[in-house]
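Quick notes on the structure that follows.
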Amino acid sequence: MAASQSDTPKTAPFVLLWKQMRGFRGKYAWAIAALFLFTAINYVAPLVASATIDFALSGKPDDSRPITWIIGLMGGADFVRERLWFPALLMVLLTVIAGGFSYLKGRFAAEASDGIARRLKDRLYDHLQRLPARYHDRAETGDLIQRCTSDVETLRMALAAQVVEVSNAVLLLLTALPVMVMLDGRMTLVSFALVVPIILFGYIYIGKVKHLFAEVAESEGQVTRVVQENLTGLRVVRAFARQDFEIDKFAAPNKLYRDRSLKLLHLMAWYWSASDLIVVTQQGIVLFTGACFISQGSLTVGTLFAFLMFLNMLLWPVRQMGRTLTDLGKSVVALNRMGEILSEPEESVPAGFVRPSSPAAGKIEVRDLVFGHGEENAAINGISFTVEPGETLAILGPSGSGKSTIMHLLLRLYDHTSGSIRFDGRELTELDRQWVRSQFSVVMQEPFLFSKTIGDNIRLGRGGAEAEQIHEAALLADIHDTIKGFPSGYSTLVGERGITLSGGQRQRVALARALLQDTPVLMLDDALSAVDAETEATILEALRSRHGRRTTLVIAHRLSTLAHADKVIVLEKGRIIQHGTHAELAAREGLYRRLWTIQNALENEMSQDTAP
Ligand SMILES: Nc1ncnc2c1ncn2[C@@H]1O[C@H](COP(=O)(O)OP(=O)(O)OP(=O)(O)O)[C@@H](O)[C@H]1O
């Protein structure tokens, strides 16, 4: 299920954006101020040109106020007529100053948008860390990556350009209008003749393409998802010779993405050409009407020139409206997608939860525990057991019987439906979740190592651990000699940028990490399944030396791993069907004895086969 299909109410996109803009709104204010000054200077330039044409060149001055005001400021008509270089120099100077303000606008806007994008990425990443395991079970990694990277980028680009552009358009319109009216009321009306139709046209366009933005973003997410899944499972794909199938599987979402993008691009191209046509028509109307007025003697060449320059400035944002609407449309979609993640509730923190100041003793009492991942099929169905501090509990059972689920419930990755789990005498749900987790060290069924050095991977168990402590943990996990055998020892990089460890080596590094953590409870979820029997025996021997000091929960299919546990429980379909010590269970009829007999027979057979 995609992360987008959540039932959680979403944060309205602009509310989310407004909140994220906190601390950057000042920068936007500066950017808009710089833009305002840039615009103001750009008004003066046409007026300088117009005044020069009318007073100094054509000799038919317009007595409208802005023009006479400007010519007065330039030292009067005679002064300008004798020194034509002066208005030219003034226009160059004004352009240079305007360039400076334009730079400042760009800089402030970029600083603000980059800051907001960074904050959003941090927030999304932070929030994803705090979402419950249930959310991550149904969310698709590729889709989440897309939301945290390219959606944020879409928004950043829009924020860098469009917030300021839109403010600019509004400012231009509000300030140009009075100046234009003062110059010539009739020409002002003519200049705005097509602005209303073009805005209407833009409105209709955005209505048509809005859903396409969401579709394009969704198909981009699908493409990312397929690539991510394929790269993660590359070995499986190769091993099953499924490359052709995977290539075909990729082709469909890739084609869909291309088709949708093309559809959007066609619409955009159509819009832009049509709006360009309207803009050019508008310029033609102004030029034609202006020429008529000039021939009637009711307009000067200078004023027409000023109007054409104003029109150019005003029509620029109108021409850009397509782009602005496109960017804003995409941003709203991106904001909605981010909002969906941010609206997901984090792992609950009960009011008045307890966070003990000392480490736990490690007593675990489970009573009538029930839990299911969905409505039907309880994964755990009325389980009860007790593990005293320092004891080792072994959990055995067929695949899917609920063994890992017990560990997940103890870690509070999920909350149980009914029954109780008491940890050191307190209800687990009353305890601070982070504290509970800090009392457990876990080796998961499929241990994950980060793309760091082996030493750093082990150190993850305890931040400030010294080299000796790391070596000690690695010795216990019987991986020290192997690590020493690598050319860079503990500094060997693991993963994509370094060496690939074998399954058994990975399990042992993960075990060293858990042992270094040295918490009151150690949980091993089939943690030695990829380790050979001899190495396993060495590790178990080392772990036995800790017996009595730390509570240990072991899940394993190999009974030799479980034989030394203080207690064994056997699960089937979420229920305990047998419990006791190894000796008791091996002597009693049931699943445990059947498995014990089969495994013993296999071992005997193998030892006979390999005997000289
Ligand atoms: N995240 C999940 N969402 C839905 N169902 C799940 C999830 N995790 C486990 N299950 C289901 O819960 C049941 C118990 O799973 P669990 O992983 O606890 O089994 P297990 O005994 O550890 O199996 P194995 O020995 O194969 O690891 C199974 O039916 C499994 O399909």
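Being over 17 Å from Met309 (Cβ atoms) and open to solvent by less than 30 Å² (accessible area, probe 1.4 Å) is a condition met by at least one residue of the range 186-200. Pairs meeting the criteria (first residue in the range 395-407 and over 21 Å from His582 (Cβ atoms), second residue open to solvent by less than 10 Å² (accessible area, probe 1.4 Å) and near the ligand (Cβ under 6 Å from one of its atoms), beta carbons under 6 Å, at least 6 apart or on different chains) are lacking. Being touching a residue at least 24 places away in the same chain (Cβ under 8 Å), open to solvent by 40 Å² or more (accessible area, probe 1.4 Å), among the acidic types (Asp, Glu) and under 30 Å from Ala214 (Cα atoms) is a condition met by at least one residue of the range 265-279.
Checking each residue in the range 388-418 for being away from the ligand (no atom under 16 Å from the Cβ) and either surrounded by fewer than 22 Cβ atoms within 10 Å (Cβ to Cβ) or among the acidic types (Asp, Glu) (or both) picks out Glu388, Pro389, Gly390, Glu391, Ser418. Of the residues making up the range 333-367, those that are part of a loop (DSSP other than H, G, I, E, B) and touching an Asp or Glu at 6+ places or on another chain (Cβ under 6 Å) are Phe353, Arg355, Ala360, Ala361, Lys363. The conditions of being among the small types (Gly, Ala, Ser) and part of a loop (DSSP other than H, G, I, E, B) are not met by Ala512. In the range 419-437, which residues are surrounded by 19 or more Cβ atoms within 10 Å (Cβ to Cβ) and over 19 Å from Ser357 (Cα atoms)? Residue satisfying the conditions is Ile421 alone. Candidates Ala112, Ala45: the one that is part of a helix (DSSP H, G or I), within 40 Å of the chain's Cα centre (by Cα) and touching a residue at least 24 places away in the same chain (Cβ under 8 Å) is Ala112. Taken over the range 300-326, the criterion of being crowded, with 24+ Cβ neighbours inside 10 Å, touching a Pro at 6+ places or on another chain (Cβ under 7 Å) and under 13 Å from Gln283 (Cβ atoms) is satisfied by Phe310 alone. In the range 533-541 there is no residue that is at pLDDT below 90, touching a Gly at 6+ places or on another chain (Cβ under 9 Å) and in a loop (DSSP other than H, G, I, E, B).
What number of residues within the range 548-557 are part of a loop (DSSP other than H, G, I, E, B) and touching a helix residue (DSSP H, G or I) at 6+ places or on another chain (Cβ under 7 Å)?
Count: 1.
For the range 222-245, the set of residues classified as of a type outside the set (A, V, I, L, M, F, W, C) and either surrounded by fewer than 12 Cβ atoms within 10 Å (Cβ to Cβ) or within 22 Å of Arg138 (Cα to Cα) (or both) consists of Gln222, Thr224, Arg225, Gln228, Glu229, Asn230, Thr232, Gly233, Arg235, Arg238, Asp244, listed by residue number. Going through the range 118-146 one residue at a time, which ones are at pLDDT below 90, assigned to a helix (DSSP H, G or I) and open to solvent by less than 70 Å² (accessible area, probe 1.4 Å)? Correct list: Ala133, Tyr135, Gly142, Asp143, Leu144, Gln146.
The values are calculated or read from the model by the stated rules, or taken from the named source; none is laboratory data. What you see is a predicted model; the values in this text were computed from it and never measured. Here Cβ is always computed from backbone atoms with ideal geometry, including for glycine, and neighbour counts include all displayed protein chains. Calculation scope for accessible area: heavy atoms of the full protein, side chains included, ligands and nucleic acids excluded. Shrake-Rupley method; radii C 1.70, N 1.55, O 1.52, S 1.80 Å.
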